[in-house]
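Report on one structure; see the data block that follows.
The values are calculated or read from the model by the stated rules, or taken from the named source; none is laboratory data. Here the structure is a predicted model, which means the values were calculated and not measured. Cβ placement follows ideal geometry from the backbone for every residue including glycine, while neighbour counts extend to all protein chains displayed. In case anyone asks, the SASA skips ligands and DNA or RNA and just uses the protein heavy atoms, side chains included. Shrake-Rupley method; radii C 1.70, N 1.55, O 1.52, S 1.80 Å.
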Amino acid sequence: MRTQVVIIGAGPAGLLLGQLLHKHGVANVILERQTADHVLGRVRAGVIERVTMDLLDEAGVGARMHADGLVHEGVQICVDGKRHRLSFKDLTGKTVTVYGQTEITKDLMDGRAAVGAATVYSAADVILQDFSGDNPRVSYRAGGKTHEIGCDFIAGCDGFHGISRKSIPASAISTFERVYPIGWLGVLSDTPPVSEELIYVRHPRGFALCSMRTPTRSRYYLQCSLAEEIESWPDERFWEELKPRLDDEARDRLVTGPSIEKSIAPLRSFVAEPMRFGRLFLAGDASHIVPPTGAKGLNLAASDVRYLSRALIEHYQERSDAGIDHYSARALARVWKAERFSWWMTMTLHRISDNPFDHRLQLAELDYLFGSKAAATAFAENYVGLPY
Ligand SMILES: Cc1cc2nc3c(=O)[nH]c(=O)nc-3n(C[C@H](O)[C@H](O)[C@H](O)COP(=O)(O)OP(=O)(O)OC[C@H]3O[C@@H](n4cnc5c(N)ncnc54)[C@H](O)[C@@H]3O)c2cc1C
């Protein structure tokens, strides 16, 4: 079998890339290790930048997002029981949209099925071969047989634990990492959110986030230790720990109920450079991870895909490799700014250190943010997404 681009991974990066390439006549096959149901069952991101929405529109899968997504003009930050609001709309003229990653994945899967493009789910033992030469190949096992696909390019969109980055010789890749000593314990519940906007909470007991997916479905997170086990957190304990971290109004409005999903996610910052090795490109979490505090992971995956899809389309339609040659540098310039913002939000809002000096610095950062239009504008510009 032969195609132009083999895409490894059917997460948001792989599916979006496949859809954009297909729209421009570039043939592609997606290989995904899991089943489609498994991919759809993962509850993750929820805050979408305008530029990500534009890309989903370009891919022709934005209709449901526009109908069901919740437009947010600002965000609230609660510091030791007192809430402050930052208006993106006033500061930048822009907004973000709350629309779950699960829904985006579904829209992209439906879009792909509608155009009849090939996706192989449950593809085991994916192996990337000869991507430093002119004739890359990808082999995999499915239905008890080994298959091989010859291609022009391979797009490694297989997330942080995928095979693509690991296939690159260690001498050709540099990695930069910060592992935070904390995690996020997340609960999804069919209860109305405490607020129409996200509330980020800085509290002596630890960080919390009140988020949502729809007007009747809430998503809450609590900072937790990495040693925590999910079994030790029955729903009642989760709600009892959330309440004291909230301000009085949010506590009064909190509606508790059974969780429909509960998970613990470690917090990590990670970048692998460069993002291109011969005919293999990395995109999304395969190349970089941010702690979820800044809501940037999915949005960065989308911005990589924007640069990469344009580079590949230019290669086929204009016979120019300029986009391919600049892909890594262009993508990394945006990645590192999002890494900085996500690190800053994480360090400013979580209880990470027991040193009172660090606590005072956090309070000074936040006081400056709430008191300075310049600081608030810089925050808002980063939150709504920097321009491409
Ligand atoms: C709790 C949490 C909250 C988050 N909140 C936000 C948010 O609000 N906003 C935001 O922008 N981001 C957020 N993120 C981050 C966001 O979910 C990720 O950045 C996003 O999923 C990255 O997409 P991706 O396609 O690059 O990788 P993934 O979604 O990880 O997809 C990779 C795919 O590759 C497949 N794969 C892996 N290995 C192989 C293999 N060997 N062969 C074939 N297939 C393979 C995987 O099964 C997977 O389907 C959050 C993440 C978490 C955990």
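Residue-by-condition table, conditions (1) farther than 17 Å from Ala155 by Cα; (2) within 16 Å of the ligand (Cβ to nearest atom); (3) surrounded by 14 or more Cβ atoms within 10 Å (Cβ to Cβ):
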| residue | (1), (2), (3) |
| --- | --- |
| Arg217 | yes, yes, yes |
| Gln223 | yes, yes, yes |
| Leu226 | yes, yes, no |
| Phe238 | yes, yes, yes |
| Ala250 | yes, no, yes |
| Ser259 | yes, yes, yes |
| Pro291 | yes, yes, yes |
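Among the candidates Trp344, Trp336, which residue alone is open to solvent by less than 50 Å² (accessible area, probe 1.4 Å) and not charged (D, E, K, R)? Working first, answer last.
On the way: Trp336 fails: open to solvent by less than 50 Å² (accessible area, probe 1.4 Å).
After ruling out the rest, the residue left standing is Trp344.
Among the residues of region 37-55, is there at least one that is away from the ligand (no atom under 14 Å from the Cβ) and over 28 Å from Leu209 (Cα atoms)?
Our first condition is that a residue be away from the ligand (no atom under 14 Å from the Cβ); within region 37-55, this holds for 54.
Cutting the leftovers down to over 28 Å from Leu209 (Cα atoms) gives us none.
So far as region 37-55 goes, no, none of its residues is away from the ligand (no atom under 14 Å from the Cβ) and over 28 Å from Leu209 (Cα atoms).
Kindly check whether there is at least one residue in region 350-371 that is more than 27 Å from Val79 (Cα to Cα), of a type outside the set (A, V, I, L, M), at pLDDT 95 or above and assigned to a helix (DSSP H, G or I).
Taking every residue of region 350-371 in turn, none turns out to be more than 27 Å from Val79 (Cα to Cα), of a type outside the set (A, V, I, L, M), at pLDDT 95 or above and assigned to a helix (DSSP H, G or I).
Checking each residue in region 321-333 for being open to solvent by 30 Å² or more (accessible area, probe 1.4 Å) and not basic (Lys, Arg) picks out Asp321, Ala322, Asp325, His326, Ala329, Ala333. When you check Glu231 against the structure, is it open to solvent by 60 Å² or more (accessible area, probe 1.4 Å), in contact (Cβ under 8 Å) with a residue 40 or more places away in the chain and either out of contact with any strand residue (DSSP E or B) (no Cβ under 7 Å at 6 or more places or on another chain) or more than 15 Å from the ligand (Cβ to nearest atom) (or both), yes or no? Considered against the rule, which asks whether it is open to solvent by 60 Å² or more (accessible area, probe 1.4 Å), in contact (Cβ under 8 Å) with a residue 40 or more places away in the chain and either out of contact with any strand residue (DSSP E or B) (no Cβ under 7 Å at 6 or more places or on another chain) or more than 15 Å from the ligand (Cβ to nearest atom) (or both), Glu231 comes out as no. When Asn299 is tested against the conditions (1) more than 22 Å from Ala27 (Cβ to Cβ); (2) outside any loop (DSSP other than H, G, I, E, B); (3) over 14 Å from the mean Cα position of the chain (by Cα); (4) in contact (Cβ under 8 Å) with a residue 60 or more places away in the chain, the lone failure is (3). When region 1-36 is filtered for residues that are within 13 Å of the ligand (Cβ to nearest atom) and of a type in the set (Ser, Thr, Tyr), only Thr35 remains. Evaluated against (1) open to solvent by 50 Å² or more (accessible area, probe 1.4 Å); (2) touching a Gly at 6+ places or on another chain (Cβ under 8 Å), Val39 falls short on exactly one condition, (1). For region 208-286, the strands (runs of 3 or more DSSP E) that sit wholly inside it and include 2 or more residues that are at pLDDT 95 or above and touching a His at 6+ places or on another chain (Cβ under 7 Å) are 259-273.
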